[in-house]
1. For region 127-150, give me each residue that is hydroxyl-bearing (Ser, Thr, Tyr) and within 10 Å of Ala212 (Cα to Cα).
2. For Gly286, all conditions in the list (1) within 14 Å of ligand 2 (Cβ to nearest atom); (2) free of Cβ contacts under 8 Å to residues at least 12 places away in the same chain; (3) of a type outside the set (Lys, Arg) hold save one; what is the number of the exception?
3. Would you confirm whether any residue within region 368-377 is over 23 Å from the mean Cα position of the chain (by Cα) and touching a residue at least 24 places away in the same chain (Cβ under 8 Å)?
4. Name the residue, out of Thr264, Thr255, that is in a helix (DSSP H, G or I), among the β-branched types (Val, Ile, Thr) and touching a His at 6+ places or on another chain (Cβ under 8 Å).
5. Which one of these is in contact with a Ser or Thr (Cβ under 6 Å, 6 or more places away or on another chain) and away from ligand 1 (no atom under 16 Å from the Cβ): Val341, Val293, Val364, Val334?
6. Conditions first: (1) of a type in the set (Gly, Ala, Ser); (2) touching a helix residue (DSSP H, G or I) at 6+ places or on another chain (Cβ under 6 Å); (3) in contact (Cβ under 8 Å) with a residue 60 or more places away in the chain. Gly238 passes all but one, so which condition is the exception?
7. Restricting attention to region 319-328, does a residue exist that is farther than 19 Å from Gly259 by Cα, within 13 Å of ligand 2 (Cβ to nearest atom) and not hydroxyl-bearing (Ser, Thr, Tyr)?
Amino acid sequence: MKRGNYPHTLHLIWIKPGGENLSKNVYLELASYLSMVYLGWLSNIEDLVKLLQLSFTPEEARALLSVPAKPVPVELTSISEIAATASMPEKELEPILDRLAERGFLYTGEMENGEKGYALLRRGYGFTQAWFWAGKRDALTKKFVDIYWKYHFPDKGDVSPQNFRYIPINISIESLQPEQAIYPHEMIVEIVRKARKIAVAHCACRVRYELANGEHCGHPEEVCIKFNELAEQLIRAGLAREVSKEEALDIIRKTEEAGLVHFTDNTQEGILHNCNCCGCACWNLGAIKRRMVPRDQIIATYFLRETDEELCTACGSCVDICPVDAVSLDDIAVVDEDWCVGCGLCIAQCSSEAITLKRRSDAVPPETFESLHRERERAYEAIRVRTRER
Ligand code: SF4
Ligand code: SF4
């Protein structure tokens, strides 16, 4: 089997299939490929091999292995190119790829030239979420959770621009200083209004948390909102249900009431998903709350909280609501700006109107979904070059 030319430079293990161990080798190759490209946190390949054996037939594993990882998560590769890599006739390969797409592991669509194409949905866009988005609690999902919690640690790649960013809850928009404009891409309501198609899935983090801990964290679970191409893909795969704009806005409102934090793709246009995160179960806020990873290494934060010393009565109401424990009480409320994520949840708690959000800098998110991921790829390539030179 030939490999696509990207990003095999990352591969640490390359095992040629053949002989009686053909099937096992396909899974080993796939585990190695996914570990390096998508599941960077799974350092124990053998455990991942077992999970892949339970999840995919050898033919499916071979097909997945032949879909190249491209910088942009939904960037398509033609079936003819995948068939050449897999050394399989297109007729034989197509139903296998379609089956994988139906289960949410591949994204499929029409390329500019009209040809059918597929993309391997990377971390955050399908791998590993496809196991959890439907909210199932079956044996395979539990098996994956065991592996996830054994080996997961947040990505410490420190790659800028970050994949995702926090955006303030709606109530804080009025709480910005007059000179601090808020752009449409910073308003979750505008993102929902502009969407062509919307779907809601179960929060993968809360499903994992319950399966791992035996109890739910208590926050709403069906609140993981997908837009446009990703929404269509998840609806087709039965991993999410379509919702109207009104229902999506209602979900957003409920997440704010529940003290959840909005995050989206770190881009101005082409946003594909919005998660609504808590400090107990979620991979990002949880890691920040527990001070496992510096905030700026994993999520972009464009706003910070400010407290008016004259107005603050030190009532303490804003301390408990902070999802990352960034507020302490002295004579007045004190915010640790190294950990505040600018979510604005504390504003609604303050009856003294002492809290505002300030823009952290002039930085703005990359303009498009594609430019975000191309910038990230360039940053990764720079890291690879530095690593090779050492
Ligand atoms: S809620 Fe307002 S008044 Fe109370 S401690 Fe926080 S900032 Fe001060
Ligand atoms: S202090 Fe806490 S609740 Fe307030 S904006 Fe910062 S992270 Fe959000």
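1. Going residue by residue through region 127-150, those that are hydroxyl-bearing (Ser, Thr, Tyr) are 128, 141, 148.
Tyr148 - this is the single residue of region 127-150 that is hydroxyl-bearing (Ser, Thr, Tyr) and within 10 Å of Ala212 (Cα to Cα).
2. Every condition holds for Gly286 apart from (2).
3. Going residue by residue through region 368-377, those that are over 23 Å from the mean Cα position of the chain (by Cα) are none.
Within region 368-377, none of the residues are over 23 Å from the mean Cα position of the chain (by Cα) and touching a residue at least 24 places away in the same chain (Cβ under 8 Å).
4. Values: Thr264 fails: in a helix (DSSP H, G or I).
Checking each option against the conditions leaves just Thr255.
5. Values: Val293 fails: in contact with a Ser or Thr (Cβ under 6 Å, 6 or more places away or on another chain); Val364 fails: in contact with a Ser or Thr (Cβ under 6 Å, 6 or more places away or on another chain); Val334 fails: away from ligand 1 (no atom under 16 Å from the Cβ).
Only one candidate qualifies: Val341.
6. Of the numbered conditions (1) of a type in the set (Gly, Ala, Ser); (2) touching a helix residue (DSSP H, G or I) at 6+ places or on another chain (Cβ under 6 Å); (3) in contact (Cβ under 8 Å) with a residue 60 or more places away in the chain, the odd one out for Gly238 is (2).
7. Initial filter on region 319-328 (farther than 19 Å from Gly259 by Cα): none.
No, region 319-328 has no match at all.
Conditions (1) modelled with pLDDT under 65; (2) surrounded by fewer than 22 Cβ atoms within 10 Å (Cβ to Cβ); (3) out of contact with any strand residue (DSSP E or B) (no Cβ under 8 Å at 6 or more places or on another chain), marked per residue:
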site: Tyr166; (1), (2), (3): no, no, no
site: Ile173; (1), (2), (3): yes, yes, yes
site: Ala181; (1), (2), (3): yes, yes, yes
site: Ile188; (1), (2), (3): no, no, no
site: Ala195; (1), (2), (3): no, yes, no
site: Ala199; (1), (2), (3): no, no, no
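The values are calculated or read from the model by the stated rules, or taken from the named source; none is laboratory data. The model shown is predicted, which means the values in this text are computed figures rather than measured ones. Heads up, the Cβs are rebuilt from the backbone with ideal geometry, glycines too, and the neighbour counts pull from every protein chain shown.
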